[in-house]
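In what follows, a single structure is set out as C-alpha cells and then discussed.
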Amino acid sequence: MTRVTIRVRDNGPLLIEGPIEIVDAEGRPFPVDPNKPACALCRCGHSQKKPFCDGSHKTCGFQSVERAPAPA
Ligand code: FES
C-alpha cells in the first residue's frame, strides 16, 4: 500500500504527495497531472483555480503556521 502524505505548508496550501484522486461534490474527478510528484490544494480561499492553489496566498495576506503536537 502506497502512503499518501498531506503536508501543511506555512502560510500556504496543503501539499499532497502520493497517488490520489480529487473529486467534486458529485464525484467527478478533477484532472490531476500524474507526472507531478505533488498536488497543492488551496487553504487560503483566494485561489481562482479552486480546489487547487494558484499562488494567491502569497499576495492575499494569508497567515497560518500550524504545528502538530510533539510526540508524548
Ligand atoms: S493556498 Fe495557495 S492560493 Fe490559496
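The values are calculated or read from the model by the stated rules, or taken from the named source; none is laboratory data. What you see is a predicted model; the values in this text were computed from it and never measured. Virtual Cβ from ideal backbone geometry, glycine too; neighbours counted across all protein chains shown.
Pairs meeting the criteria (first residue in region 54-72 and within 16 Å of the ligand (Cβ to nearest atom), second residue basic (Lys, Arg), beta carbons under 8 Å, at least 6 apart or on different chains) are His57/Arg43; Phe62/Arg43; Ser64/Arg43. Scanning region 1-32 for residues that are within 13 Å of the ligand (Cβ to nearest atom), in a strand (DSSP E or B) and either of a type outside the set (A, V, I, L, M) or loosely packed, with under 10 Cβ neighbours inside 10 Å (or both) gives a single hit, Arg7.
With respect to Lys36, determine if the residue is within 12 Å of the ligand (Cβ to nearest atom) and free of Cβ contacts under 8 Å to residues at least 40 places away in the same chain. It is false that Lys36 is within 12 Å of the ligand (Cβ to nearest atom) and free of Cβ contacts under 8 Å to residues at least 40 places away in the same chain. Count of region 30-52 residues, restricted to those that are of a type in the set (D, E, K, R), over 15 Å from Ile6 (Cβ atoms) and at pLDDT 95 or above, is 2.
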